[in-house]
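Undergrad: After the structure tokens below, expect a handful of questions from me.
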Amino acid sequence: MRLVFLGAPGAGKGTQAKRLEAEKGWPVVATGDLLRAAIAQNTPLGQQAQAYIQRGELVPDALVNQIVAERISQLESFILDGYPRNLAQAQMLESILTKPLDAVIFFEIQEEALIERLSGRRICPECNAVYHIKNNPSKAGDQCDQCGATLVTREDDQPDAIRRRFQVYREQTEPLVAYYRERGLLRTINADAPPDEVYQQLLSVL
Ligand code: ADP
Ligand code: AMP
């Protein structure tokens, strides 16, 4: 299965992608997770990406296209979480795929619901697990239930960067909804529902 998860920041793409990976074995390729790991390891890619991420801007296409091309070239199945994020990336993806996508899942939700999700989000810097201080707290306080690392707030889950990310989403990423609808690939789910309900919708559209 070759899937793209599309939706605004905080819509729940990462949460659902990781669950689907755990249950179906389709590997998640999450560009945000890969870029944050590169920053943590202070690689050349991380050094180039850091300032963009901190401001809530997109990292230049050439950098992300390369990571995705390297990853998916070895995969039969994948869940792309956070890529493509603009038209140029969508065209790039089309050109590197050896088999077509099966579906693009659009996580539909109003922006107002997302502020609370983003400001309460905590992530595991080691295994990328996603938590929320109210909706989905870790059982062990500020430690990851899966690997024990100390949870952190993302640098870009701060008010200024959140605002910028919404703007970038509206201007650059949202046009992909029409792009994939025209190609008959779009499957829309209501992301403004409890996580289990969103997951059931996901299974039913697949
Ligand atoms: P995205 O990958 O789309 O940016 P995440 O999966 O990281 O979104 O989710 C954003 C935040 O919202 C996290 O703190 C997560 O725990 C929480 N969350 C995810 N799905 C839901 C949901 N269906 N209802 C409420 N909170 C959710
Ligand atoms: P995410 O974890 O998907 O919310 O992504 C966090 C940040 O990483 C984004 O705000 C961008 O700065 C960067 N990023 C992730 N994916 C991409 C992409 N496909 N293109 C450009 N920048 C990206």
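Undergrad: Under a point spin-label approximation (7 Å from Cα along Cα-to-Cβ), what is the Ala22-Asn135 distance to one decimal in nm?
TA: So the two model labels end up 1.6 nm from each other.
Undergrad: Given the C-alpha centroids of the stretch 175-206 and the stretch 85-133, what is the distance between them in whole angstrom?
TA: Rounded to whole Å, the Cα centres lie 12 Å apart.
Undergrad: Give me the net charge for the shell around Arg183: Cβ to Cβ below 13 angstrom, other residues only, Lys and Arg +1, Asp and Glu -1.
TA: -1
Undergrad: Just to be sure I understand the model, the point goes 7 Å from the Cα along the line to the Cβ. What's the resulting Arg55 to Ala178 distance in nm?
TA: It is 2.7 nm.
Undergrad: Can you give the accessible area per residue of the chain, in Å², using a 1.4 Å probe?
TA: 51
Undergrad: Only Lys, Arg, Asp and Glu count, each charged at its Cβ (+1, +1, -1, -1), so figure out the dipole size of the chain about its Cα centre, rounded to 20 debye.
TA: 100
Undergrad: Pick out, from Ile162, Ala113, Pro175, the residue whose Cα sits farthest towards the positive end of the charge dipole of the stretch 103-192, with +1 on the Cβ of Lys and Arg and -1 on the Cβ of Asp and Glu.
TA: Pro175
Undergrad: Moving on. Carbon-plus-sulfur fraction of the accessible area of the chain, 1.4 Å probe, in percent?
TA: 48
Undergrad: Also, quick follow-up: Using 0.36 nm times the number of residues separating Glu126 and Asp145, minus their current alpha carbon distance, what extension gain do you get?
TA: 5.7 nm
Undergrad: Evaluate the distance, in nm, between pseudo-label points positioned 7 Å from the Cα of Ser119 and of Asp196 along their respective Cα→Cβ axes.
TA: Going from the Ser119 label point to the Asp196 one covers 2.9 nm.
Undergrad: Can you give me the relative contact order of the chain as a percent, contacts being Cα pairs under 8 Å and 6 or more apart?
TA: The value is 29 percent.
Undergrad: With Cβ to Cβ distances under 13 Å as the rule, what net charge do the other residues near Glu76 carry (K, R +1; D, E -1)?
TA: Net of charged neighbours comes to +3.
The values are calculated or read from the model by the stated rules, or taken from the named source; none is laboratory data. Please read these numbers as outputs of a predicted model, since none were measured by experiment. FYI the Cβ positions are ideal-geometry reconstructions off the backbone, even for glycines, and counts take in every protein chain you see. To get the accessible areas, we keep the full protein, side chains included, count just its heavy atoms, and leave off ligands, DNA and RNA. Shrake-Rupley method; radii C 1.70, N 1.55, O 1.52, S 1.80 Å.
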